[in-house]
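Presented below is the structure to which this report refers.
The values are calculated or read from the model by the stated rules, or taken from the named source; none is laboratory data. Quantities reported herein were computed from a predicted structural model and do not represent experimental measurements. Here the Cβ positions follow ideal geometry from the backbone for every residue, glycine too, while neighbour counts run over all protein chains shown. Areas reflect the complete protein model, heavy atoms only, side chains present, ligands, DNA and RNA absent. Shrake-Rupley method; radii C 1.70, N 1.55, O 1.52, S 1.80 Å.
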Amino acid sequence: YDFRILRSVMAVNDDQKKRLLPVVEEYFGGELKGKTIAVWGLAFKPYTDDIREAPALENIRALLAAGVQVTAYDPEAMEHVKAQLPQVTYCHTPYAALDEADALMIFTEWPQFRTPDFAKMGKLLKNKVIFDGRNLYELDQIREQGFTYFSIGREAVQVS
């Protein structure tokens, strides 16, 4: 039997994994080469080191191909990803990944990412911009913190 609906669902799921990358490219005016992007969350889901089907991996590969330096933090999955992506800089804390990065991308909803120290983040990042694939933050909260914020299926918060 031809499972067209199942194939369509799988195609939509694959497209969902890549929704943030065009937003990142647009934000930086199409010029990603030489940028540094911090990534929080490498695992497919929190509380695991499982990286099968993890959206972070495909996005990181695309960033690297575009000439981006990638710094990353995940509390469980870094060792598994290192074997596949040795050119990424793996950091011992989420804040270490932000140091001098041009932006942050979030791919896994680990609890520690839900309540970060936004003031510290703002001091570490070159640009106070977050691309959030997990919709971790309330728009009003992020606006009050002075971040430009892009999430999935919601309005962007643009701070000038």
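Points to keep in mind about this one:
- So THR148, is it open to solvent by 40 Å² or more (accessible area, probe 1.4 Å) and on the phi < 0 side of the Ramachandran plot: no
- Residue match in region 88-102 (condition: of a type outside the set (Gly, Ala, Ser), open to solvent by less than 40 Å² (accessible area, probe 1.4 Å), assigned to a strand (DSSP E or B) and modelled with pLDDT of 95 or more): no
- Cβ-Cβ distances below 9 Å connect the following pairs, each with a first residue in region 82-93 that is hydroxyl-bearing (Ser, Thr, Tyr), a second residue that is surrounded by fewer than 18 Cβ atoms within 10 Å (Cβ to Cβ) and assigned to a helix (DSSP H, G or I), and a separation of six or more residues or different chains: TYR90/GLU79; TYR90/LYS82.
- Any hit, region 12-20, residues being touching a strand residue (DSSP E or B) at 6+ places or on another chain (Cβ under 8 Å), at pLDDT 95 or above and surrounded by 14 or more Cβ atoms within 10 Å (Cβ to Cβ): no
- Those residues of region 33-84 which are assigned to a loop (DSSP other than H, G, I, E, B), open to solvent by 10 Å² or more (accessible area, probe 1.4 Å) and hydrophobic (A, V, I, L, M, F, W, C), in sequence order: PHE44, ILE51, ALA66
- Check on ILE152, under 21 Å from GLU25 (Cα atoms), under 11 Å from the mean Cα position of the chain (by Cα) and among the hydrophobic types (A, V, I, L, M, F, W, C): no
- Here PHE118, PHE113, PHE107 are screened, and the one residue that is surrounded by 17 or more Cβ atoms within 10 Å (Cβ to Cβ), more than 17 Å from ALA56 (Cα to Cα) and modelled with pLDDT of 95 or more is PHE118.
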